[in-house]
Amino acid sequence: MDIVHLNTPIGNLEIKGNKEGLSSVYFLKTEEETTTKIPNSLKDTVKQLEKYFLGKRTEFNLKLHPEGTKFQKKVWQKLQEIPFSKTVSYQTIANRLGDPN
């Protein structure tokens, strides 16, 4: 698993992934030094995030490879359907999954 630390306007991020795709992006509680040598597997992710923070990108086109349960993956798939700058409640997502609980 490749790991990158990236300082952004919203905080410090830890980005994980490999050739299969992006696995996770986490907020770090502590300040980490930005990774200077970005692994090939995460170069596109870092580039797209940097453009997003510069206001030059509103959509992402990344190969995803999340690690989680079958249910978590279903939720994450539904989250990808939310358009830029729109919000959706947890209840709406649950209803869309057919599980209002």
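Details
- Residue in region 70-93 that is in contact with a helix residue (DSSP H, G or I) (Cβ under 6 Å, 6 or more places away or on another chain), without any contact (Cβ under 8 Å) to a residue 24 or more places away in the chain and among the aromatic types (Phe, Trp, Tyr) present: no
- Residue list for region 44-74, restricted to those being farther than 25 Å from Arg96 by Cβ, assigned to a loop (DSSP other than H, G, I, E, B) and of a type outside the set (Gly, Ala, Ser): Leu54, Lys56, Arg57
- Residue within region 4-17 that is assigned to a loop (DSSP other than H, G, I, E, B) and of a type in the set (S, T, N, Q) present: no
- Test: residue in region 44-57 that is touching a residue at least 12 places away in the same chain (Cβ under 8 Å), hydrophobic (A, V, I, L, M, F, W, C) and surrounded by fewer than 11 Cβ atoms within 10 Å (Cβ to Cβ): no
No value in this document is a laboratory result; all are computed from the given coordinates. None of these values were measured; they are calculated from a predicted model. Glycine also receives a Cβ, built like all others from the backbone with ideal geometry; neighbour counts cover every protein chain displayed.
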